[in-house]
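A short worksheet on the structure shown next.
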């Protein structure tokens, strides 16, 4: 295949893609004249080049398409779905012909008169009915036909033995001459006649003229022009051969794609690959030189080497840029795809694109084309609802698929979102259960996000029917695998009824990445920098320690528990290890965070990624190998592969906490330390403030330590015996109600920890309600009532006792913790508190005594069994867990951890009873 | 390349006292001992990788691959760089490297039945000369190493 044809093919393919896109847009915005011109221009160019190269079949089809477009442009035809579909059909045929041409070097035999006739029929459908008086120009098919015929004619003429002399003239000039001359004669417009121009070109011979005319006639015939019209045209042409017209300035042949062509040049892909490889090798050698230089900083090579360093970096970056292509190239076919899908599925689909100019590596672009196509199909098929359904849901009838791309650091982030029906969790759950992907227990407890993630599972598909488009269940897992193979991630978020969004993050380049060089067991490894979010030193003076939960190492990092993997264990390295000082790399893979324990971290290096040897490819922990500056070959670690090692703990720590939340109530505890070994804690909700008391601020009233606090004297109590109040500056935890306050003096405030309220209680000492395990340490929950009692001092209570404390409150709750939580509050509010464990006990008490108010657990089935004239207030742990019907039957409900709410309800009751 | 039809040109090498041959067209290079960088978790016979003028080449111990006792001193080993049919290069660690020999077809014998089963699928016959036996190695089969992990 010669170069001309090769060039033509690649240009034609690009043009066809552009045409596809433009046409789909045009269908939606028919009023855009610029768009239409562009479309027409592209089709015209295609037709022209095909004709020029003598590709008759292609030219004919293109010509027929161009006819319709011409009609659009002239306003004689309005674009309808049918006409646009017909043109698209023509485009598809052209694509097929081009493909054949590429494969075989020639057009396939055959003809397309059926399609052409249909196209012509459409083109002439709205035209004025053919009149007998219709001008020849129109009957011949207009300028475009003459144009096409001229090209065909020229090609034919030059191929003919008699056309030898024609080769002496410039093609463009000849073409213009033939076209303009013919058109001039046929349309009656003034202009240089053919023969005149020919003479000017030095081709004035009769033979050439006749040859051209004959070829023109044949060309018109091939284009399907009506025979009668042809005959008439030829007669006109021959007759119109006037004597040479006055010299007409030759118009310069219009240069096709003039300035734009000058700015781009076509390069073989292999050449770019080679360039990239060589540049990478240069990077490696540069690294090696720099390494050597580090050992000899005084070397005379230092200066030139540094310059070499800069130049190499620039070269590397420049070469990478040559490989960059805008992502619009991958999106090119998607609008057409969406249009076809819309027709097939009887839906209305609109595709919007943002950030099409965002560039990424050519190699990466190729790899994501298929995944993108698949996701669009999914969105169209499963995501977007039919117009009727959408209308019912209050959405616009046209569904939208939104593509967007942007750069973020060294990655490109691509989003595919639709405003369809979103993932239906219930359906997913059911399907997963049916396919035994999850156990019934999991079906209950797995969070919505985790259920959604199931769509990435191989073989999973909830499509009731496997449609021709998608639903074969081989989709999303392949998509994710393909994307992860190139070091990218796919995340999904979906809201039922609203839509779904996929977020793909891909590194901009695959070949040279930034990596952290780490050491473990005497070996070095490279960890891609992009996955590393943090480095944490453990042991030694670093303060953090690796703890173990069920034998698995974990690290507590800012109140999250991260699972850890020991690289030494993973790689089965048995070199001696210094337990004291090690390093943990915190990695993030998709939504999962975890840590890798290594011995030490060396530095960051730009490394050239080489594929791992085939025999090593089965090892999931490696994603390749590289050569360091010193020539050493080290393996590149794969964060995703290592994450698999975490096995059963395949939830991110966020998820773990979420599950904890789902199952149990979480409460925030203030953890503090007294002189004793055991930590103490109290619900943060009960704490008013944390103060720091200087030794000198502590005063004594009646021999008891007090602190001036907000204009009154606050008694201080020690957390435990060993705490010496006033010995030095100490934290004071203040609990207060409206009138009284008490300061709990501790040695140290440790932390605030969110922990599930696991009710394992063994009331250990008088000052504690029970013990919990908080962050793996046994912690006592202090009994505030004890401390309040301890603070009772001889001074009269500041509260004036206008009402004698005969108000009695009853707390009904099976759980001691809950009872003891409220009791101090009520006591402070002036109630005499009685507690009952069960409804029976409570009822018994109610019969004997009268209570002003009863507090009951809202969630336990206690309420039903209580009958009393006093108001009953329901207390609950978690606002989300309380249901409407639970609330009925109670005068009021409040969250037991919310002091203010509880006091407010009491106040309201008091006001009511006072009124 | 079928040893039957024509004479064979083989690069000869020695490992564990036995003599082996590889078609010369498959041999890219021969080297003296060179540093091998470990690849943890690789199958036992894979010693690691070597840096061959900027290319990463996987090193395989021929003795181990053929279940021969390991060499006493690996630092004296030589490397034969061979090419898998896929184009990927591998380094075979051997004790000694011999000459390139042209072996006449009439000295060729197919694998004897008594040949160690483990070797059988990696060998494609042998040549007998002066009581010496030269086993022809099938490179592709040799490099089909099952993953250990």
For this session: Considering Cα pairs under 8 angstrom that are at least six residues apart, work out the relative contact order of region A:1-73 and quote it in whole percent.
Result: 28
Seminar exercise, completed: From the Cα centre of region B:3-81 to that of region A:374-402, the distance in Å is 61
Exercise. Roughly speaking, what is the stretch gain from residue A:728 to residue A:867, that is 0.36 nm per residue apart minus the C-alpha to C-alpha distance, in nm to one decimal?
Worked result: 44.7 nm
For this session: Under 1.5 on a/c is rounded, so check that first for region A:11-111, then, if it is not, pick prolate when a/b is larger than b/c and oblate when it is not; a ≥ b ≥ c are the square roots of the alpha carbon gyration tensor eigenvalues.
Result: prolate
For this session: Could you tell me the distance between the Cα centroids of region A:412-441 and region A:713-756, to the nearest Å?
Result: 50
For this session: Arrange the following residues from fewest to most other Cβ atoms within 10 Å of their Cβ: A:635, A:424.
Result: A:424, A:635
Problem set entry | Computed E for residue B:111/residue A:315 - FRET, C-beta separation, R0 51 angstrom, nearest 0.05 | 0.45
Exercise. Across peptide A:608-617, what mean number of C-beta atoms from other chains lies inside 10 Å of a residue's C-beta?
Worked result: 6
Seminar exercise, completed: The residues B:117, A:347, B:78, sorted from fewest to most surrounding Cβ atoms within 10 Å, come out as B:117, B:78, A:347
Seminar exercise, completed: By Cβ neighbour count within 10 Å, fewest first, A:832, A:523, A:298, A:721 rank A:298, A:721, A:832, A:523
Problem set entry | Gain on full stretching of the segment that runs from residue A:751 to residue A:675 - 0.36 nm per residue minus C-alpha separation | 25.7 nm
Exercise. Computed FRET efficiency, Cβ-Cβ of residue A:561 and residue A:602, R0 25 Å: what is it to the nearest 0.05?
Worked result: 0.30
For this session: Give, in nm to one decimal, the length gained when the segment between residue A:235 and residue A:398 is fully stretched (0.36 nm per residue of separation minus the Cα-Cα distance).
Result: 53.2 nm
Problem set entry | Among beta bridges that DSSP assigns inside region B:35-122, antiparallel share in %, nearest 5 | 75
Exercise. Measuring from label point to label point, each 7 Å out along Cα→Cβ, what is the residue A:447 to residue B:29 span in nm?
Worked result: 5.2
For this session: Please build a GNM for chain B, connecting alpha carbons under 10 Å apart, and tell me which residue among B:55, B:26, B:63 fluctuates the most.
Result: B:55
Exercise. What percent do you get for the relative contact order of region A:29-103 when only Cα pairs under 8 Å and 6+ apart count?
Worked result: 28
Problem set entry | Inter-part distance where region A:263-277 and region A:26-71 are each reduced to a Cα centre, Å | 31
Exercise. If contacts are Cα pairs under 8 angstrom and at least 6 residues apart, what is the relative contact order of region A:279-374 in percent?
Worked result: 30
For this session: Specify the residue with the greatest mean-square fluctuation among B:72, B:15, B:105, computed from a Gaussian network of chain B linking alpha-carbon atoms under 10 Å apart.
Result: B:72
Seminar exercise, completed: With R₀ set to 35 angstrom, the calculated FRET efficiency between the beta-carbons of residue A:574 and residue A:285, to the nearest 0.05, is 0.50
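Computed from the coordinates by the stated procedures, all read-outs in this text should not be read as laboratory data. Because the structure is a prediction, the values reported are computed rather than measured. In this analysis, Cβ positions are derived from the backbone assuming ideal geometry, glycine residues included, and neighbour counts consider all displayed protein chains.
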